[in-house]
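These notes concern the structure reproduced below.
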Amino acid sequence: MKISLSILFFIFSNLLYSQAPKLIEDIKDKAAFYTSNVKNSWEREPIYMGNFQKEIINKFEDNRLLAIENHYENPCNKGYIKREKNSFKNAFEGKVTIFVDTTQKIKFSKIVYHTNSSNTFDFFYANPVILTNNDLQDVQIGYGYYIPLIMQAQNEKGEWKDIESYYAADCGTCLSMIYFKPNEITVTTSVIYDGNYETKLRLRLGENNFSNVFTGKISRLQLE
């Protein structure tokens, strides 16, 4: 008996959902949906890294420091021993499953830069993103506090287009490398945009790792 691709995708999506931890919101600040007319770069920070847990608290204080504890290595430390390339894979090479859990809405913080006024430190809504290391080796999932995920959207022709750009670190920085082990998960955020154009969205990591497809609203200008 043949099984259609839609049925297989439904089964796969539900399997991923059953493996998604529940995020317990502990951020009390008010939040908003993010509206933009340009491509944004996000420093997507990990909320949690490690073995699967049924419940994970999403809090603001030292969130990223606690998340990457025991999961990062800094090449500028005197005691650092450089890993051999064949002992790990980078985020673009490794087999990583990406699941955007649209059934949950959490908050995250971002510095918003303003041209004619002081910068503000605001909170926005996001969906949790669960990345799973399905490789046999450690995967270098990011650097600094950044996980290089890019959101894509479908245009009216059905083509997938990047609506975000990579975060660029300042020159002269010595960034830590973030690793997670086989079967471990990393939980981060996918900002919830608001706009006048409803379409299909997904996240990509490198050229070969894509998340589940979900529906959201963006500005048409983000596709230009």
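Structure above, values below:
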| quantity | calculated |
| --- | --- |
| Which numbered condition TYR143 misses (of (1) among the hydroxyl-bearing types (Ser, Thr, Tyr); (2) farther than 21 Å from ILE57 by Cβ; (3) surrounded by fewer than 18 Cβ atoms within 10 Å (Cβ to Cβ)) | (3) |
| ASN37 over 12 Å from VAL187 (Cα atoms), touching a helix residue (DSSP H, G or I) at 6+ places or on another chain (Cβ under 6 Å) and in contact (Cβ under 8 Å) with a residue 40 or more places away in the chain | yes |
| Neighbours by Cβ (under 6 Å, 6+ apart or cross-chain): first from region 98-127, free of Cβ contacts under 8 Å to residues at least 40 places away in the same chain; second of a type in the set (Phe, Trp, Tyr) | ILE111/PHE121; ASN119/TYR113 |
| Matching entry among ASP162, ASP170 (being out of contact with any helix residue (DSSP H, G or I) (no Cβ under 7 Å at 6 or more places or on another chain), of a type outside the set (Lys, Arg) and at pLDDT below 90) | ASP170 |
| Sole exception among (1) within 17 Å of the chain's Cα centre (by Cα); (2) more than 24 Å from ALA32 (Cα to Cα); (3) assigned to a loop (DSSP other than H, G, I, E, B) for PRO148, by number | (2) |
| Qualifying residue in region 179-189 (condition: part of a strand (DSSP E or B) and surrounded by fewer than 19 Cβ atoms within 10 Å (Cβ to Cβ)) | no |
| Subset tally (residues that are under 21 Å from ASP101 (Cβ atoms) and in contact with a Ser or Thr (Cβ under 9 Å, 6 or more places away or on another chain)) for region 196-212 | 11 |
| Cross-chain or 6+ apart pairs with Cβ under 7 Å, region 140-162 first and farther than 14 Å from GLU45 by Cα, then among the acidic types (Asp, Glu) | MET151/GLU164; GLN152/ASP162 |
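Rundown of residues vs (1) loosely packed, with under 10 Cβ neighbours inside 10 Å; (2) at pLDDT 95 or above; (3) of a type in the set (Ser, Thr, Tyr); (4) assigned to a strand (DSSP E or B), yes/no style:
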position: ILE81; (1), (2), (3), (4): yes, no, no, no
position: ASN86; (1), (2), (3), (4): yes, no, no, no
position: LYS89; (1), (2), (3), (4): no, no, no, yes
position: GLU93; (1), (2), (3), (4): no, no, no, no
position: PHE108; (1), (2), (3), (4): no, no, no, yes
position: HIS114; (1), (2), (3), (4): yes, no, no, no
position: ASP122; (1), (2), (3), (4): no, no, no, yes
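The values are calculated or read from the model by the stated rules, or taken from the named source; none is laboratory data. None of these values were measured; they are calculated from a predicted model. Counting neighbours? That spans all protein chains shown, and the Cβs are built from the backbone with ideal geometry, glycine included.
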